[in-house]
Amino acid sequence: MNLQNVKFFWKKLRENWSRRFSLIIRNEKNLSEVFKLRLTPRRVFVLGTSTFLLITILTIMLIAFTPLRVYVPGYTNPLEYNLYKKMLIRVDSIERINAIQKVYLDNFINLLNDIVVYEDMNADMQDAVPKKVKDRDKVEAATKQVNDAAEQLLLEITERNTKNYIPLTQNITVSSFAFTMPALGTITKPFSIFDRHFGIDIENERGTLITTIADGVVIVTETSENEGNIVIIQHSSNMLSIYKNVDKFLKKVGTKVKSGDPIATMGNKGTESPKPYLHFEMWYNGSAIDPGKYFLRN
């Protein structure tokens, strides 16, 4: 199509733009008029454009607000999307637990072999220079010996700490232990297996100093949405002390601590904490024990 034909077409279109035409439908037998419609090129254009836009809008709405959208490339099935979100959360939780287990196992092996990473409380993580025994053969041999036992112990502790599960008939007594109080304050809620409260709550003002009950190594410093900041210390004789709902960490993972050393301050960062207090637990051989029975009295 050349330029002259295009000009001729537009000229005819402008001339007939408003010219009226009649569309008549007659009965073939008696030639009576059945239907008559007056049209102009302008009306045909407007009617066609409106019809096209209406059909397009209805098609888009049909695809966007009905299950038909799953057949359009680029859309995701809602069921598959929800399943993907759940699997993503589970994978993230598994990675987090694996990281905690690795830190625990490394510190457990170092503790058994007197290979302890010591970092000053006030030193920056990037500037801290760990002092560590470099006997790799000894570390590898110890890892092979305690790997199975340590992993089983860690799984039991993790399960009971996350699910708060312990047999109601279990009653652990350890007569040879005596510890210092982890913080000054009033014990507002005692240990109770039947109420599934596996520790004691010590209430005091925000910022109250929290100290470790005995010598050990910090193996976990983490944050829980419900229980706030948490510190876990590994002691000798398969003893663990757990400090929940703390405000600030004063020790880092891998730090060797002595009895009475400050490790955190009291707070209420968890969603279950209406006021500042310390929730303190003691676990012996994977079972919770009543801390109140083993505190030294003045």
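The values are calculated or read from the model by the stated rules, or taken from the named source; none is laboratory data. All of these numbers come straight from a predicted model, not from anything done at the bench. Cβ: placed from backbone, ideal geometry, glycine included. Neighbour counts: every protein chain shown.
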Is at least one residue of region 86-103 hydroxyl-bearing (Ser, Thr, Tyr), modelled with pLDDT under 80 and outside the structural domain of Asn238 (by TED's automatic domain parsing)? no
In the set Gly270, Gly260, the lone residue that is in contact with a Lys or Arg (Cβ under 8 Å, 6 or more places away or on another chain) and in contact (Cβ under 8 Å) with a residue 12 or more places away in the chain is Gly270
Which residues, taken from region 239-250, are farther than 12 Å from Gly270 by Cα and assigned to a strand (DSSP E or B)? Met239, Leu240, Ser241, Ile242, Tyr243, Lys248, Phe249
Across (1) within 23 Å of Gly185 (Cα to Cα); (2) within 25 Å of the chain's Cα centre (by Cα), Val220 clears everything bar (1)
For region 2-112, please list each of the helices (runs of 4 or more DSSP H) lying entirely inside it that holds at least 1 residues being under 32 Å from the mean Cα position of the chain (by Cα) and surrounded by 11 or more Cβ atoms within 10 Å (Cβ to Cβ). 41-64, 78-112
Pairs, please: C-beta under 7 Å, at least 6 apart or cross-chain, first residue modelled with pLDDT under 85 and in region 223-234, second charged (D, E, K, R)? Asn226/Glu272; Glu227/Lys244; Glu227/Glu272; Gly228/Lys244; Gly228/Lys269
Among Asn238, Asn226, the single one that is under 21 Å from the mean Cα position of the chain (by Cα) and farther than 24 Å from Leu184 by Cβ is Asn226
